[in-house]
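Reviewing the structure listed below.
The values are calculated or read from the model by the stated rules, or taken from the named source; none is laboratory data. From a predicted model like this one, the values you see are computed outputs, not experimental measurements. Using ideal geometry, Cβ is built from the backbone for each residue, glycine included, and neighbour counts are taken over all protein chains shown. Only protein heavy atoms, including side chains, enter the accessible area calculation; ligands, DNA and RNA are left aside. Shrake-Rupley method; radii C 1.70, N 1.55, O 1.52, S 1.80 Å.
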Amino acid sequence: MPILEQTAIFLLTAVLLVPLFQRFKLGAVLSYLAAGVLVGPWGFGVVAEVETTLHFAEFGVVLLLFLIGLELEPARLWALRRPVFGSGGAQVGVTGLLLAGAGMALGLSWQAAVIAGFAGAMSSTALVLSALAEKGQLGQPHGRESFAVLLFQDLAVIPLLALLPLLGGDGQADANWISAAKGVAAIAIVIVGGRVVVHPLLKYIATHGSHEVFTAASLLVVIGAAAIMDRIGLSMALGAFLAGVVLADTEFTHELKADIEPFKGLLLGLFFMAVGMSADIGLLRAQPLLVIGLAIGLIGIKAAIMYVIARVRGADNETAQRSAVMLSEGGEFAFVLFAAAITLGVLDRPTAQLLILVVTISMLLAPGVFALHENLLARWLERSAPPEYDSIDGPASPVIIAGYGRYGQIVSRVLRMCGIHFTALEASYQQVDFVRRFGNKVYFGDASRLELLEAAKAGEARLFVLAIDDIAASVRTAQVVRRHFPQLPILARARNRVHYFQLRKLGITAIFRETFPSSLEAAHRALLQLGLGVAAAERAITLFKHHDEDQLRAQYAVHHDEAQMIQGARDAATQLKELFEADAIGPQAGFPQVDK
């Protein structure tokens, strides 16, 4: 069929089905998948060139990864290293090994089981990120967690492809090392070329060229980076992603996004259509229970593993649930691994076709699973949601305490003892309910909400005590108070140095580190217990206290530069030793030697 007629069929199907699915809140991705099944070989058979369409449409994933890279400045990418290699590494490793074990139990050879297991561990980058973007959830905790895992999966495809020849037993170990070296070189070329060549080129075109030429240059950047990776057998999407990261902190970020976005949307829709076309409905008809059972089993196993990993890493129940469901389906990179495994003889064709169909069915089921979980979770959250925030009546209090945990309660008890009235705000209903049993007056509410602060008459208060335990909530509250009540003095609790730096950025100077005084008191008691005199112990503690406060102020000035922070810490340790020696504290002052 001529390419023009195929294009018209794809566009017509999308125009008819996407609004219909959107009307029933089934999502655009599911509509594209259904459209692919409809026009593909097992539907009306209008379009038969499935492999050609899928290969061309993969460029939609490439453009998507480029745009994601544009969102990630290098500093922000470095900040994601822990979830990428922590959650991502655990998800791929644990899921791959468990699925490989299940494959061997079902009769696969260990080589085939390893490929099937780790290919099954992959999730659909295009599907998940499209669903998150459609719902505006990319910036939420589960969105960031899902993205980190997907990024690690994209990186993990490279060593998996390199291992395939070894599993096939063709003895190409030397070739694999050469391929790995080529991969490192290609990544370096993309990164260095982006800085040295692409950035000046874009600047020149923006100054002397037209908008159409800049759009062409934008596409050239993506295609060039993808082509370099593809030339040596690596992921085109990885090359595009690296190119996006390199250009993320340039002045062209917004222009590049605007130029690439329309192409990305169309090609990504075509990609999902191609996935729907590739589904072998004949095999599904012949063995429906096996295929659907394996697809549901894959979704269930992956969801359970990801939920446990997220909870172990400290995520709350809601975030862990959302991340687990989002990453439960198979992914497009599984098709790449299966195709390579067939070529190298690691998988026989019938087994590979079954696995491809299982992954495809899981992707077809995924949007429905997303929607079902979202509805069930929304109902559960509605049932388990805490009651409405309290309304605050009565006259203004001179002091407002935000956060009524162990820290805020001690402050309030001292104020109450001195007859000073205060208004206490606490965002945890469980905590409010607990302290009310003991007769304490505390209001249930989020202190970062302006309307609540106005109800508490913050404009008439003389002091704001920021005692919130959660660092993000503490900083958010401080921002609101500083913006809307700049005249209100703030006494802030800091959990650690990072929290201290964030509060200092807001212009807050009265900051108290919660463990510092008690730690100094314990150190003072330790010195006395070990035989140091009272005066010498007090002098040592005072000297250390002043030195640490000076060091904290110095670190704040350079806290954005890790190298200067490390050097400053080393210099401070040397200075502290010199201070103690100069003040004759230690063995020179009669401090007893302790056996090591």
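Suppose every Lys and Arg Cβ carries +1 and every Asp and Glu Cβ carries -1, with no other charges. What dipole size does the stretch 233-305 come out with about its Cα centre, to the nearest 20 debye?
Computed about the Cα centre, the dipole is about 500 debye.
Under a plain spin-label model, where a point goes 7 Å from the Cα along Cα-to-Cβ, how far apart in nm are A258 and V213?
Inter-label distance under the simple model: 1.8 nm.
Normalise the Cα radius of gyration of the stretch 189-291 by 2.2 N^0.38 Å (N = residues in it) and let me know the number.
1.44
Computing the accessible area with a 1.4 Å probe over protein heavy atoms, can you report the carbon and sulfur percentage for the stretch 1-68?
73
Taking a point 7 angstrom from the Cα of A206 along the C-beta vector, which residues in the stretch 249-275 have backbone N less than 17 Å away?
Inside the label zone: 249-261.
If you stretched the chain out fully between E318 and V46, how much longer would it get, using 0.36 nm times the residue separation minus the C-alpha to C-alpha distance?
That pair, E318 and V46, stretches by 93.6 nm at full extension.
Return, ordered by residue number, the residues of the stretch 325-360 whose backbone nitrogen is under 17 Å from a label point located 7 Å along Cα→Cβ of W110.
Only 346-347 pass the distance filter.
In whole Å, what are the Cα extents of the stretch 96-159 along the three principal axes, biggest one first?
For the stretch 96-159, the Cα spread along each principal axis is 43, 22, 17 Å.
Relative contact order, percent, of the stretch 481-529 when contacts are C-alpha pairs under 8 Å separated by at least 6 residues?
34
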